[in-house]
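Report on the following structure.
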Amino acid sequence: MNGAESLVRTLAGAGVDTCFSNPGTSEMHFVAALDSVPGIRPILVLFEGVASAAADGYGRMAEKPAITLLHLGPGLGNAFANLHNARRAATPLVNIVGDHATYHAQYDAPLASDVTGLARTVSGWVHSSMSAQSVAADGARAVQAAMAAPGQIATLILPADTAWLEAEGPAPALPRIAPSPVSSEAVDRVAAALKSGKRTAILMRGAALQEKGLRAAGRIAAAMGARLMCDTFAPRLARGAGRVAVERIPYFAEQIVEYLQKIEQLILVGAKPPVSFFAYPGKPSWCVPEGCAIHYLSHPHEDGAGALEALAEALKAPAEPANVVSLAKPALPTGGFNQYSAGEVIGHFLPENAIISDEAATSGLGAMIATMSAAPHDHLSLTGGSIGQGVPLAVGAAVACPDRKVVCLQGDGGAMYTLQALWTMAREKLDVTTVIFANRSYAILNIELARVGAGNPGPRALSMLDLHNPQLDFVSLARGMGVEASRAETIEDFAAQFSSAMRGKGPRLIEAVI
């Protein structure tokens, strides 16, 4: 047994069952081991940025790591933007990055780079295996590190000779590092703060935004009247009918300030205090109101959902939560075709237990409003802000949850970063419907150009934000990668095409020209 096989057997034994791969020469022994070792599904992607986002989507939904198989430093570099998003989402993920053989490194071959240095910028754990005899144990540590609460990226660098040389065998799986329990003192401090009568918001993140945590938060709201909030871009949020509604903090700094202006105390559950996404001339970066007290119920590595349950018990909160959403599907719209009417169609036809991968950007508000009282679903957002995540994130979610419909809401500009993901959807026959909101522009940048005070832009500046000349044809692009596709130019077209996609199975793309 060589080192690569010992590593693959170790990963499979630790519960890893999916590998999103774009390999090269240095990874060929790992590729061969995937063929000889049962238990890990190899999925080819056509760009490393697809691999990293797909592993992110998989990890958010499966709550365990997939692996990416990447080729040297350049392959890791290509994966970087969506690894940034995964890091911000605290997604459990393991990168296996091939490298030159240990004895070859001295020759500074053309593809040589500082792989370890690159990996450290997006990884919580990094290690380079130096012996085929230790690579299996290194793999077990990588999985354990990725699963450490709240989840993180672990990168294992695999020099080619550690893969092909003889190894002793796989290593046993290591125990999971579970979330730490929150102290009774922290619960008591926050309970006392809530009893003070001050206007309170509870800002939640991570597992607190799933069923168990939301129900406990709703009980606290029923007892104390606190507002329940999440970040603008929460990694995973349970929404829709039967769930406790959570307010989403706005995107722009001045909107956040206005939104929070009456809050006298902010309770954080696995979250950070809200700040502006960017700095703007004359606008605040720190968005918490002056004089607002900040209380930490739980930190990211702690059990936020359990802390909310303990807090509800300490407050003797009622058994039934407040703010539970009743099913109220939007009526089918008529008239104009825009993000709001499109959102009403999505909310009307969205099936129960769907997953939404949302990178609709400026076209996403309509769907967020319309799906609030739609059938229960999970919502995955662009957590780190690096565009090009939405389509491949949907790939990973569909692999993790093959029995659930996945709907990807994607802006046209961001889609072109990782559109290769459509090919993987077709190859793997994934049940994903992708809606491209085609406004033929980097619309958010038109807004930002005005907000940063850059003066009066001329035609050359505006051309940098425009997606005409030539006009993108997403129907042809999708069909060229094996995905059924259609174009909607009216709200009636969109309703017919989206309802058909929700009734069917397999990959589908709708270009919504709004």
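Okay, residues lined up against (1) in contact (Cβ under 8 Å) with a residue 24 or more places away in the chain; (2) outside the structural domain of Ile356 (by TED's automatic domain parsing); (3) aromatic (Phe, Trp, Tyr); (4) farther than 28 Å from Ala328 by Cβ:
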{"residue": "Ala241", "(1), (2), (3), (4)": "yes, yes, no, no"}
{"residue": "Arg248", "(1), (2), (3), (4)": "yes, yes, no, no"}
{"residue": "Tyr251", "(1), (2), (3), (4)": "yes, yes, yes, no"}
{"residue": "Glu254", "(1), (2), (3), (4)": "yes, yes, no, yes"}
{"residue": "Gln261", "(1), (2), (3), (4)": "yes, yes, no, yes"}
{"residue": "Leu266", "(1), (2), (3), (4)": "yes, yes, no, yes"}
{"residue": "Ser276", "(1), (2), (3), (4)": "yes, yes, no, yes"}
Enumerate the helices (runs of 4 or more DSSP H) found wholly within segment 447-513, keeping only those where 2 or more residues are touching a residue at least 24 places away in the same chain (Cβ under 8 Å) and either more than 18 Å from Ala360 (Cα to Cα) or among the hydrophobic types (A, V, I, L, M, F, W, C) (or both). 474-480, 491-503
Out of (1) acidic (Asp, Glu); (2) at pLDDT below 95; (3) surrounded by 24 or more Cβ atoms within 10 Å (Cβ to Cβ), what's the single condition that is false for Glu48? (2)
Residues satisfying the stated conditions in segment 207-223, i.e. within 15 Å of Pro150 (Cβ to Cβ) and of a type in the set (A, V, I, L, M, F, W, C): Ala207, Ala208, Leu209
Would segment 146-156 turn up any residue that is over 19 Å from the mean Cα position of the chain (by Cα), in contact (Cβ under 8 Å) with a residue 12 or more places away in the chain, closer than 30 Å to Ala4 by Cα and not assigned by TED's automatic domain parsing to the domain that holds Gln389? yes
So Asp188, is it among the acidic types (Asp, Glu), assigned to a helix (DSSP H, G or I) and surrounded by 15 or more Cβ atoms within 10 Å (Cβ to Cβ): no
Please work out if Thr362 is farther than 17 Å from Ala488 by Cα, modelled with pLDDT under 95 and either in the same structural domain as Pro250 (by TED's automatic domain parsing) or surrounded by 15 or more Cβ atoms within 10 Å (Cβ to Cβ) (or both). yes
Given Gly13, Gly59, which one is closer than 19 Å to Val399 by Cα and out of contact with any Asp or Glu (no Cβ under 9 Å at 6 or more places or on another chain)? Gly59
Any residue in segment 162-174 that is modelled with pLDDT of 95 or more, over 30 Å from Thr68 (Cα atoms) and among the small types (Gly, Ala, Ser)? no
Checking Ala496 against (1) surrounded by fewer than 18 Cβ atoms within 10 Å (Cβ to Cβ); (2) more than 16 Å from Phe349 (Cα to Cα), which single condition isn't satisfied? (2)
Which members of segment 297-342 meet the condition of being among the hydroxyl-bearing types (Ser, Thr, Tyr) and buried (at least 20 other Cβ atoms within 10 Å of the Cβ)? Ser298, Ser341
Counting only residues that are among the hydroxyl-bearing types (Ser, Thr, Tyr), give me the strands (runs of 3 or more DSSP E) lying completely in segment 192-306 with at least 2 of them. 293-298
Look through segment 118-174, keep the residues that are among the β-branched types (Val, Ile, Thr) and farther than 21 Å from Ala86 by Cβ, and return whichever of them is surrounded by the most Cβ atoms within 10 Å (Cβ to Cβ). Thr162
Within segment 85-101, which residues are within 16 Å of Thr116 (Cα to Cα) and out of contact with any Cys (no Cβ under 9 Å at 6 or more places or on another chain)? Val94, Asn95, Val97, Gly98, Asp99, His100, Ala101
Subset of segment 424-440, residues more than 12 Å from Leu509 (Cβ to Cβ), out of contact with any Ser or Thr (no Cβ under 9 Å at 6 or more places or on another chain) and surrounded by fewer than 24 Cβ atoms within 10 Å (Cβ to Cβ), comes to Arg427, Glu428, Lys429, Asp431, Arg440
Consider Ala191 carefully, then state whether it is in contact with a helix residue (DSSP H, G or I) (Cβ under 6 Å, 6 or more places away or on another chain), closer than 30 Å to Gln144 by Cα and modelled with pLDDT of 95 or more. no
Matching residues in segment 1-31 (out of contact with any Leu (no Cβ under 7 Å at 6 or more places or on another chain), among the charged types (D, E, K, R) and more than 20 Å from Ala400 (Cβ to Cβ)) number 2
Among Ser113, Ser131, which is in contact with a Ser or Thr (Cβ under 7 Å, 6 or more places away or on another chain) and in a loop (DSSP other than H, G, I, E, B)? Ser131
What tally of residues in segment 382-410 results from selecting those that are surrounded by fewer than 24 Cβ atoms within 10 Å (Cβ to Cβ) and either outside the structural domain of Ala421 (by TED's automatic domain parsing) or polar (S, T, N, Q) (or both)? 1
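The values are calculated or read from the model by the stated rules, or taken from the named source; none is laboratory data. Quantities reported herein were computed from a predicted structural model and do not represent experimental measurements. A quick note on method: Cβ atoms are made from the backbone with ideal geometry, for glycine too, and the neighbour counts reach across all protein chains shown.
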